[in-house]
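Trainee: I'd like to ask you about the structure that follows.
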Amino acid sequence: DTAVSQTPKYLVTQMGNDKSIKCEQNLGHDTMYWYKQDSKKFLKIMFSYNNKELIINETVPNRFSPKSPDKAHLNLHINSLELGDSAVYFCASSWGLASEQYFGPGTRLTVT
Amino acid sequence: KQEVTQIPAALSVPEGENLVLNCSFTDSAIYNLQWFRQDPGKGLTSLLLIQSSQREQTSGRLNASLDKSSGRSTLYIAASQPGDSATYLCAVNRSGANSKLTFGKGITLSVRP
């Protein structure tokens, strides 16, 4: 059983396009996150949602818009993609804001 | 601002060796610390979580310790195996309502048969 799943696994697109990445967790957690892992493998938080409410927005450009339709889903929509958006994006979830986080397999986004 | 450092960036050891991976952080006001494993092209797997009130946690051949006052944590791997080869990431969770994980850059471990 997959705990945290993301789709798609790979995403190749051109500059200027708009794309979405979906995340679902079946752990019953109430908090979900998006992280970005850059080319140097450095992981940094982008957003966190608790009970569908935005808690953390780490100075991410407003081209990135997370959407949480329910506690089990947190999708990431990216407008006007830029070359610098190329990275691996990880979704994670936890029970509460400060407990153990479980990560999805990642979505490798390549912008050409 | 919290900074997490993991040195060295890479480590190569022969199979069977006991080893210690180090993690240091600048702000001791943490809620907990989590160690992860990342295999190439894969997601992160949680290994151990230590609460700020704890000194250590153990899972199988893994033991993680925490010294909050000195801003240090170690991950001890006993009797290393080639299957332990991966990148090990340390992440600290700050206290407060807006808690979030701050990651180190990881240590890439290679265990030689």
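The values are calculated or read from the model by the stated rules, or taken from the named source; none is laboratory data. Everything numeric here is computed off the predicted structure, so don't read it as measured data. When we count neighbours, we look across all protein chains shown, and the Cβ atoms used for this are built from the backbone with ideal geometry, even at glycine.
Trainee: Can you tell me how many residues within the range A:43-59 are over 20 Å from B:CYS90 (Cα atoms) and either among the basic types (Lys, Arg) or in contact (Cβ under 8 Å) with a residue 60 or more places away in the chain (or both)?
Mentor: 1
For every residue, the table says whether it meets (1) at pLDDT below 90; (2) touching a Gly at 6+ places or on another chain (Cβ under 6 Å); (3) surrounded by fewer than 17 Cβ atoms within 10 Å (Cβ to Cβ).
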{"position": "A:LEU54", "(1), (2), (3)": "yes, no, yes"}
{"position": "A:ASN57", "(1), (2), (3)": "yes, no, yes"}
{"position": "A:HIS73", "(1), (2), (3)": "no, no, yes"}
{"position": "A:LEU83", "(1), (2), (3)": "no, no, yes"}
{"position": "A:VAL88", "(1), (2), (3)": "no, yes, no"}
{"position": "A:CYS91", "(1), (2), (3)": "no, yes, no"}
{"position": "A:SER94", "(1), (2), (3)": "no, no, no"}
{"position": "A:ALA98", "(1), (2), (3)": "yes, no, no"}
{"position": "A:GLN101", "(1), (2), (3)": "no, no, no"}
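Trainee: Would you mention how many residues in the range B:20-37 are more than 10 Å from chain A (Cβ to nearest Cβ) and in a strand (DSSP E or B)?
Mentor: 9
Results for (1) among the aromatic types (Phe, Trp, Tyr); (2) farther than 24 Å from A:THR59 by Cα; (3) crowded, with 19+ Cβ neighbours inside 10 Å, shown as yes or no for each residue.
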| residue | (1), (2), (3) |
| --- | --- |
| A:GLN6 | no, no, yes |
| A:VAL12 | no, yes, no |
| A:ASP18 | no, no, no |
| A:CYS23 | no, no, yes |
| A:LEU27 | no, yes, no |
| A:THR31 | no, no, yes |
| A:LYS36 | no, no, yes |
| A:SER39 | no, no, no |
| A:PHE42 | yes, no, no |
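Trainee: Of all residues in the range B:8-40 being more than 11 Å from the chain's Cα centre (by Cα) and without any contact (Cβ under 8 Å) to a residue 60 or more places away in the chain, which is surrounded by the fewest Cβ atoms within 10 Å (Cβ to Cβ)?
Mentor: Among them, the one singled out is B:PRO40.
Trainee: Now for a different question. State whether one or more residues within the range B:64-77 are within 9 Å of another protein chain (Cβ to nearest Cβ) and of a type outside the set (Asp, Glu).
Mentor: Checked the range B:64-77: no residue is within 9 Å of another protein chain (Cβ to nearest Cβ) and of a type outside the set (Asp, Glu).
Trainee: Restricting attention to the range B:41-55, which residues are more than 14 Å from B:TYR88 (Cα to Cα) and surrounded by 13 or more Cβ atoms within 10 Å (Cβ to Cβ)?
Mentor: Within the range B:41-55, B:ILE50, B:GLN51, B:SER52, B:GLN54 meet the criteria.
Trainee: In the range B:51-85, what count of residues is obtained for those that are touching a residue at least 24 places away in the same chain (Cβ under 8 Å) and at positive phi?
Mentor: 2
Trainee: Restricting to the range B:99-113, name every residue that is within 14 Å of chain A (Cβ to nearest Cβ) and not in a strand (DSSP E or B).
Mentor: Across the range B:99-113, the qualifying residues are B:SER99, B:LYS100, B:GLY104, B:LYS105, B:GLY106.
Trainee: Quick one: in the range A:59-71, of everything that is surrounded by fewer than 17 Cβ atoms within 10 Å (Cβ to Cβ) and among the polar types (S, T, N, Q), which residue is nearest to A:VAL4 (Cα to Cα)?
Mentor: Checked the range A:59-71; the qualifying residue nearest to A:VAL4 (Cα to Cα) is A:SER65.
Trainee: Give me the residue from the range A:1-42 that is away from chain B (no Cβ under 13 Å), in a loop (DSSP other than H, G, I, E, B) and free of Cβ contacts under 8 Å to residues at least 60 places away in the same chain and, out of that set, nearest to B:VAL92 (Cα to Cα).
Mentor: Looking at the filtered set, the residue picked out is A:ASN26.
Trainee: Residues that are among the small types (Gly, Ala, Ser) and within 14 Å of another protein chain (Cβ to nearest Cβ), at least 2 per element: which strands (runs of 3 or more DSSP E) completely within the range A:60-112 meet that?
Mentor: Fully inside the range A:60-112 and qualifying: A:87-94.
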